[in-house]
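Participant: Take this structure first; my questions come after.
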Amino acid sequence: MSNDNKAILHQGDARSSPYPASRLAPAFHAPQLAEEVARAEAMLNARTSAKLRVIADQIKSLQAEARKVLDEARDEQSLTRAQCAFKRVPGRLYHLYHKADGSTYFSMLSPQDWGGRPPDEFAGSFRLEADYSWTPAEQLDQPDDTGQIVQQLLRIGGLAAGEAGER
């Protein structure tokens, strides 16, 4: 064997050696190393699967929310397209009726104003909001607790008004 084919030994300090230079260095056995790699891959797969399940659940939730938004938009679109022989004013209550031919129209007169016998089938009363959305009359008395929920979330996060210096 010529000198050119011999392995070149590391000539520097043992700490900078690219291979174990001491008999005190930990021994590596191929089966143990393979088991460790397999465990690491199994843990990686478990973490990745868990994260993907969370994302899949979020996707399902967002799809359900999107369907709900589209259904509400369809309902509001049908209300917006109902015939109306007067100028709609936000904040006012209007009454929706179905004609025999299937068309709908808004009236300022409620079924009671017609003496309990409206000319067409009564479909519901709605308030026109400032953003031109419609709120069913049944929901007008329901309190809007959104502000209370936001305040509660801020308190939980320690961000509620008046708590800045109380920590």
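Participant: Hey, can you rank 107-113, 85-91, 120-126 by average C-beta count inside 10 Å, highest first?
Facilitator: 120-126, 107-113, 85-91
Participant: Please report, in debye to the nearest 20, how large the charge dipole of the stretch 35-80 is about its Cα centre when each Lys and Arg carries +1 at its beta carbon and each Asp and Glu carries -1 there.
Facilitator: 100
Participant: Using the beta-carbon distance between TYR132 and ARG67 and R0 = 22 Å, what value does 1/(1 + (r/R0)^6) give for FRET efficiency, to the nearest 0.05? Display every interim value, and only then the final one.
Facilitator: Values: r = 23 Å, r/R0 = 1.03.
Calculated transfer efficiency: 0.45.
Participant: Whole-Hz ³J(HN,Hα) for each residue in the stretch 41-54, computed from phi via Karplus 6.51 cos²θ - 1.76 cosθ + 1.60 with θ = phi - 60°, x for glycine and proline: what do you get?
Facilitator: Running phi through 6.51 cos²θ - 1.76 cosθ + 1.60 with θ = phi - 60° gives 5, 5, 5, 4, 4, 5, 5, 5, 4, 4, 5, 5, 5, 4 Hz.
Quick note: the coordinates plus some simple rules give every number you see, no bench work behind them. Quick caveat, the model's predicted, so the values are computed rather than measured. Because the Cβ atoms are built from the backbone with ideal geometry, glycine has one as well, and the counts that use them run over all protein chains shown.
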